[in-house]
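Step one of this worksheet: look at the structure below.
The values are calculated or read from the model by the stated rules, or taken from the named source; none is laboratory data. Computed from a predicted model, the values in this text were never measured in an experiment. Cβ: placed from backbone, ideal geometry, glycine included. Neighbour counts: every protein chain shown. Surface accessibility is based on the protein's heavy atoms, side chains included, excluding ligands, DNA and RNA. Shrake-Rupley method; radii C 1.70, N 1.55, O 1.52, S 1.80 Å.
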Amino acid sequence: KYKTDLEADDWQKISASNIFYSRIIYTILHLGHIDPLEYIKGELPYASFSCCPFITSINIPDAITSLGKNCFYNCTSLESVTLPHSVKSLGKNCFYNCTSLKTLTCSKDLKFDRKEIGLADNVQIIRR
C-alpha cells in the first residue's frame, strides 16, 4: 500500500514512533487522504513531527493528552500551534528551533517552562 492508502486499522499496527516521518506527513497533509492525528490517542510520541518543514500550523485534537520530547523539533515553517484543554504536559525541547513559530494557543491551566520546551521568547502564548 502507499502511505496515503492506509486505513484506520493499519495505523494501529504501525509503531506510534514511526508513523509521523516527514515524508508521510508531507504526503498526507498535501494530498489530504487521511488525518493521522485522528488515529492517535494519548501522547504524541518522541519526535513525532521532528524536522518536518512542511507544517505551517497545527490544531492538536482532544484525544491527545501530551506532546512527547522533541515533538515539533526543528519544524522551521511552523507558525502556530493550538493545543486543546486535554493536553496536560509538553516534552522537553518540544518546540526547539521552530524559528517561524509566532503563537502557541493553550489552556490557561497548562504549566510549562519556556526554556525547557524550547519556546523562543518572541512566541506569543494565548491562554484560554
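At a glance:
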item	result
Pairs with Cβ under 6 Å, 6+ apart, first in the stretch 93-105 and farther than 9 Å from ALA120 by Cα, second buried (at least 20 other Cβ atoms within 10 Å of the Cβ) and of a type in the set (Ser, Thr, Tyr)	ASN93/TYR73
Condition met for CYS52 (at pLDDT 95 or above, open to solvent by less than 20 Å² (accessible area, probe 1.4 Å) and not aliphatic (A, V, I, L, M))	no
Among the candidates LYS41, LYS3, LYS108, residue that is modelled with pLDDT of 90 or more and charged (D, E, K, R)	LYS108
Among (1) modelled with pLDDT under 85; (2) of a type in the set (A, V, I, L, M); (3) buried (at least 18 other Cβ atoms within 10 Å of the Cβ) - the single one LEU78 does not satisfy	(1)
